[in-house]
Amino acid sequence: MAYPTIDNPYGLKPINLIGGQVFAGATRKMRIASAYATSIGFGDLLVKVNDGTVARSAATTAKPTGGFAGVFLGCEFINPSTGQLQFQQNFIGGTTVTSGFITAYVCDDPDTLFQVAIVSGTTVVTGVQYTAVGENATIVNNTAITTAGNSQVALLATTATTDSLPVRIVDVVPDTAYVSGGNTLYPEVIVKINFGMHAYDTAVGV
């Protein structure tokens, strides 16, 4: 049996950069609009909107307008009730501020590689064979777990060479592999936002 068992998707987890470069935890601060209605979990993909703020991406099989802004890694804001600076792993939809603004911490380097779970649909974790390496994948945009603050974004197990799909599988995670029907399956893979899909790799603005 694989250890540990992956029983739920957890979003996109930055691990390193292409070429073996180290991910040092660097992020860029971007703003979330006060009272933005959609919750954002730790590990969710973001897009820029035309007021300069970021929003949760709804993209699954194609590039969002303007490309992906990066991956959400928490936020901070002045709590209007206490007047104190508050840090959160997730953004709860409808959160408002009366002073300052809501700041998202975003992993925005287009060279970042992310670890992500594979699902057969929604949150049912399955796996892909090693032959999926080099192919592109569909994003499964599950709603974040509000209580834990974590994303549930995953990738669909059916991969393809279609160039419009938003992420490229560059490796598998051997530690959690398991054998089913005589095949070695990998419930976690390493991916990169595909060529031309990141906001910094496209000339189209928002």
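The values are calculated or read from the model by the stated rules, or taken from the named source; none is laboratory data. Just so we're clear, the structure is a prediction, and the values are computed from it rather than from any experiment. Counting neighbours? That spans all protein chains shown, and the Cβs are built from the backbone with ideal geometry, glycine included.
Odds and ends about this structure:
- When residues of segment 114-159 are limited to those that are assigned to a strand (DSSP E or B) and small (Gly, Ala, Ser), the one modelled with the lowest pLDDT: 121
- Counted residues, segment 53-87 - those being within 21 Å of residue 152 (Cα to Cα) and β-branched (Val, Ile, Thr): 4
- Count of segment 70-114 residues which are touching a residue at least 60 places away in the same chain (Cβ under 8 Å), surrounded by 14 or more Cβ atoms within 10 Å (Cβ to Cβ) and β-branched (Val, Ile, Thr): 7
- All positions within segment 134-160 that are under 21 Å from residue 180 (Cβ atoms) and either touching an Asp or Glu at 6+ places or on another chain (Cβ under 6 Å) or among the acidic types (Asp, Glu) (or both): 135, 159
- Taking the conditions (1) at pLDDT below 95; (2) outside any loop (DSSP other than H, G, I, E, B) in turn, residue 14 satisfies each one other than (1).
- Filter pass, residue 67 being surrounded by 18 or more Cβ atoms within 10 Å (Cβ to Cβ), of a type in the set (Gly, Ala, Ser) and at positive phi: yes
- The residue of segment 166-198 that is surrounded by the fewest Cβ atoms within 10 Å (Cβ to Cβ), among those that are within 16 Å of the chain's Cα centre (by Cα), of a type in the set (A, V, I, L, M) and closer than 16 Å to residue 154 by Cβ, is 190.
- Of the residues 9, 4, the single one that is touching a Ser or Thr at 6+ places or on another chain (Cβ under 7 Å) and at pLDDT below 95 is 4.
- Residues of segment 110-124 that are touching an Asp or Glu at 6+ places or on another chain (Cβ under 9 Å) and acidic (Asp, Glu): none at all.
- Output for segment 163-206, where each listed residue is among the polar types (S, T, N, Q), in a loop (DSSP other than H, G, I, E, B) and in contact with a strand residue (DSSP E or B) (Cβ under 7 Å, 6 or more places away or on another chain): 194
- In segment 14-38, the qualifying residues are those that are closer than 14 Å to residue 103 by Cα and either crowded, with 16+ Cβ neighbours inside 10 Å or hydrophobic (A, V, I, L, M, F, W, C) (or both), and the one that is nearest to the chain's Cα centre (by Cα) is 27.
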